[in-house]
Amino acid sequence: DGMRTIPHHKAELGFHGGYMWTFSRDVYLTNTAGEADFEDRGFWGATLDVPMGHGKQGTLLYQRQETTLTFRPAGNPRYDVTDIAVEYFQIGGLGGTPKGNLFPYGMFTLGATRVSALNGGDDQWRFSFVFGAGAKAYFGERLGLRMQGQIPFTFIDGGGSVACGSFGCVTTIGGTGVGQINLGGGLFVNF
């Protein structure tokens, strides 16, 4: 029928970039109420995707954004606190329905976020996850293009509880954190 399909391969190594937006968060900084934010900027990253059956891929994801942590005290102008790197280290999966040489997918990963000041200081590690959706286009046996959008979320504080009784067990998990959204794309190589 002349329609190309996704080539058989063991793994895909991809490199991507894009732009990341952060949702500001109400905080107290040095006993002053205000809004903290990561300045909206570009990011880059790499993925290693491994086919795990029809329409399923396992994924390792690394992403890095170099940005500025800003603070806006209530009723005052914003100021820069410090330059930081926000890095995501994630493991998860992609799932979708291949259509010829296209693979539209949804994704979910779990892992950690590291926030570190670029001028030195202690790194902060937090639990995080990433939801996303996108599509891959396979060109020939070795090369492809990936376009995607993601919603990374990093927990700042949280907790959970388990209660058991004659009714069974109930588990709750909650917390607050920093949400971001990004759009990007890149190339990958099959091997």
(request) Can you give me the number of residues within region 52-61 that are open to solvent by less than 50 Å² (accessible area, probe 1.4 Å) and assigned to a strand (DSSP E or B)? (result) 4
(message) Condition first: within 15 Å of LYS136 (Cα to Cα), over 20 Å from the mean Cα position of the chain (by Cα) and hydroxyl-bearing (Ser, Thr, Tyr). Can you find one or more residues in region 5-20 that meet it?
(response) yes
(request) Taking GLY18 as meeting all but one of (1) open to solvent by 40 Å² or more (accessible area, probe 1.4 Å); (2) within 16 Å of LEU145 (Cα to Cα), write down the number of the exception. (result) (1)
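Can you say whether ILE91 is among the β-branched types (Val, Ile, Thr), under 21 Å from THR47 (Cβ atoms) and either surrounded by 15 or more Cβ atoms within 10 Å (Cβ to Cβ) or at pLDDT 95 or above (or both), as far as the supplied structure shows? Show your work before the answer.
On the way: among the β-branched types (Val, Ile, Thr): yes; under 21 Å from THR47 (Cβ atoms): yes; either surrounded by 15 or more Cβ atoms within 10 Å (Cβ to Cβ) or at pLDDT 95 or above (or both): yes.
When the stated conditions are applied, ILE91 passes them.
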(message) Name the residue that is modelled with the lowest pLDDT, counting only residues in region 99-119 that are open to solvent by 40 Å² or more (accessible area, probe 1.4 Å) and part of a loop (DSSP other than H, G, I, E, B).
(response) ASN119
(request) Output the number of residues of region 24-47 satisfying the condition of being under 14 Å from the mean Cα position of the chain (by Cα) and open to solvent by 60 Å² or more (accessible area, probe 1.4 Å). (result) 1
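Are any residues in region 14-51 assigned to a loop (DSSP other than H, G, I, E, B) and within 20 Å of ALA117 (Cα to Cα), and if so, which ones? If you could, list the steps in order and put the result at the bottom.
Filtering region 14-51 for residues assigned to a loop (DSSP other than H, G, I, E, B) gives 23-24, 30-31, 39-40.
Across region 14-51, the qualifying residues are PHE23, SER24, THR30, GLU39, ASP40.
Is there a residue being of a type outside the set (D, E, K, R), surrounded by 13 or more Cβ atoms within 10 Å (Cβ to Cβ) and under 30 Å from HIS8 (Cβ atoms) anywhere in region 66-81? Break it down stepwise before answering.
Start the filter on region 66-81 by keeping residues that are of a type outside the set (D, E, K, R), which leaves 67-71, 73-77, 79, 81.
From what is left, the residues that are surrounded by 13 or more Cβ atoms within 10 Å (Cβ to Cβ) are 67-71, 73, 81.
Checking which are under 30 Å from HIS8 (Cβ atoms) leaves us with none.
Scanning region 66-81 turns up no residue that is of a type outside the set (D, E, K, R), surrounded by 13 or more Cβ atoms within 10 Å (Cβ to Cβ) and under 30 Å from HIS8 (Cβ atoms).
The values are calculated or read from the model by the stated rules, or taken from the named source; none is laboratory data. Since the structure is predicted, the reported quantities are computational estimates derived from the model, not experimental observations. We place every Cβ from the backbone using ideal geometry, glycine too, and count neighbours over all the protein chains shown. The protein model used for the area step is the full one, side chains on, heavy atoms only, and it has no ligands, DNA or RNA in it. Shrake-Rupley method; radii C 1.70, N 1.55, O 1.52, S 1.80 Å.
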